[in-house]
1. Taking loop as defined by DSSP and a crowding limit of 15 other beta carbons within 10 Å, which trypsin sites (Lys or Arg not before Pro) in region 255-351 fit?
2. Which of GLY342, GLY99, GLY228 moves most in a GNM of the chain, Cα contacts under 10 Å?
3. Just to confirm the filter: which GluC sites (Glu not before Pro) across region 32-101 are DSSP coil and have at most 16 other Cβ within 10 angstrom of their Cβ?
4. Given a cut-off of under 8 Å on Cα pairs at least six residues apart, what relative contact order in percent is computed for region 1-157?
5. Please identify the chymotrypsin sites (Phe, Trp or Tyr not before Pro) of region 314-375 that satisfy two criteria: DSSP loop assignment and at most 10 other Cβ atoms within 10 Å. Which are they?
6. What fraction of the DSSP beta bridges in the chain is antiparallel, stated in percent and rounded to the nearest 5?
7. Which of the listed residues, ILE286, ALA309, ILE334, is farthest toward the dipole's positive end in region 272-375, when Lys, Arg count +1 and Asp, Glu count -1 at the beta-carbon?
8. At 1.4 Å probe size, with the rest of the protein present, what percent of the exposed accessible area of the chain is carbon and sulfur atoms?
Amino acid sequence: MAKIIGIDLGTTNCAVAIVQSGEPSIIENAEGARTTPSVVAMSKTGERLVGLLAKRQGVTNPKNTVYQIKRFIGHNFDEEAVQKDKAAVPFEMRKSANGGIEVQMGDKWYRPEEISAMILQKLKQDAEAKLGETITEAVITVPAYFNDTQRQATRDAGKIAGLDVKRIINEPTAAALAYGFNKKKNEKVVVFDFGGGTFDISVLEVASAEDGENSIEVRSTDGDAHLGGKDLDQNIMHWIADEFKKESGIDVRNDPLGRQRLDEAAEKAKIELSSSLETEINIPFITSDASGPRNLLLKLTRAKLEDIAREYIDRAMQISKRAMEASPFKVGDINEVILVGGQTRMPAIQKAVEEFFGKKPHMGVNPDEVVAIGA
Ligand code: ADP
Ligand code: MG
């Protein structure tokens, strides 16, 4: 029987999983990583890059590096949200003949589904190389709030990439499936998803259908499309730049290469502080002045990071409260809480969730892999 891959096509990162000997597991990409950045670029030498290589050259090649395309898929150019998001990205966008969106890379224009297809194609190819066989079928996940147009556009992206999309399923549903929470009738599950660009919370209920098969129903869903790990990174980046400016008088944010290294250092420090209490930010030769090359060397503690992140964590918890109020349940009725999204590896977020729901959240399946595993 042909194998079907499960794909979490994320705003920031993607993951791919497959069932082997009855168990789902993540397939590593060609770079040996378990997730792939959702970034596509036309390099300065005219080469198409997808994933980490595209992400790495983003700040120095901003016009030709397309990221967060998931924000635009299945939307019309004139929508207010699109116009707002357009203002925040460095690549060019225009209205297509039918009112849709096109983005520019190199001297060509692409529809969002074509960009997503380039990402899917890499995921497909890498999986094929790993498994040593051709893959033609996939299950792809989408946010619970995606409408029919967005779902159809995601299917189309699969088709362009040469994949027959067997199912489109909701990300929170996939997360619940990964834990097998579809087994118990009336089970009430909260999926708390803090990703790179968006925060989503869903309240699910397992219901038994007439054919005896349990189904997972979304009872309420809420979120903030502009609240994610990237916002934390930005604040950390500004903190680093401000500290460096205090001691050197130089604002390294103004130089694109300096900015790229700051962005990378900010995310790296944040990730390290999920497992240690203190980290060193070390960027050699970040800039130079009359006295010669200057190095950036700073300490960042977990406590300081939590200060920087506090406003975002509070916002996520307020939205969680709203989602619970919009659901038919009380906080005490919830049987399981699942953490999804790479940012939930941050201890302060885990603590806030545990305090609000009064129980330890599940994270036995890695939060940035759980959606693909469920798919
Ligand atoms: P998305 O669903 O938006 O595609 P992910 O679930 O992959 O995104 O989450 C990506 C975010 O998770 C990024 O902002 C990244 O910096 C963050 N992240 C990944 N690992 C960690 C970690 N160990 N600690 C804190 N944040 C992390
Ligand atoms: Mg995600």
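1. Taking region 255-351 and a limit of 15 other Cβ atoms within 10 Å, the loop trypsin sites (Lys or Arg not before Pro) found are LYS330.
2. Ranking GLY342, GLY99, GLY228 by mean-square fluctuation puts GLY99 first.
3. Here the GluC sites (Glu not before Pro) that fit, given the DSSP loop and packing criteria, are GLU47, GLU79, GLU92.
4. Across region 1-157, relative contact order equals 25 percent.
5. Passing both the DSSP loop test and the Cβ count: no residue.
6. Roughly 75 percent of the beta bridges in the chain run antiparallel, per DSSP.
7. So the residue we want is ILE334.
8. Working: 8260 of 17450 Å².
Carbon plus sulfur share of accessible area: 47 percent.
The values are calculated or read from the model by the stated rules, or taken from the named source; none is laboratory data. Everything numeric in this text was worked out from a predicted model, so none of it was measured. Cβ atoms come from the backbone with ideal geometry, glycine included; neighbour counts cover every protein chain shown. Ligands, DNA and RNA are stripped out before the accessible areas are found, and what is left, the full protein with its side chains, is counted by its heavy atoms. Shrake-Rupley method; radii C 1.70, N 1.55, O 1.52, S 1.80 Å.
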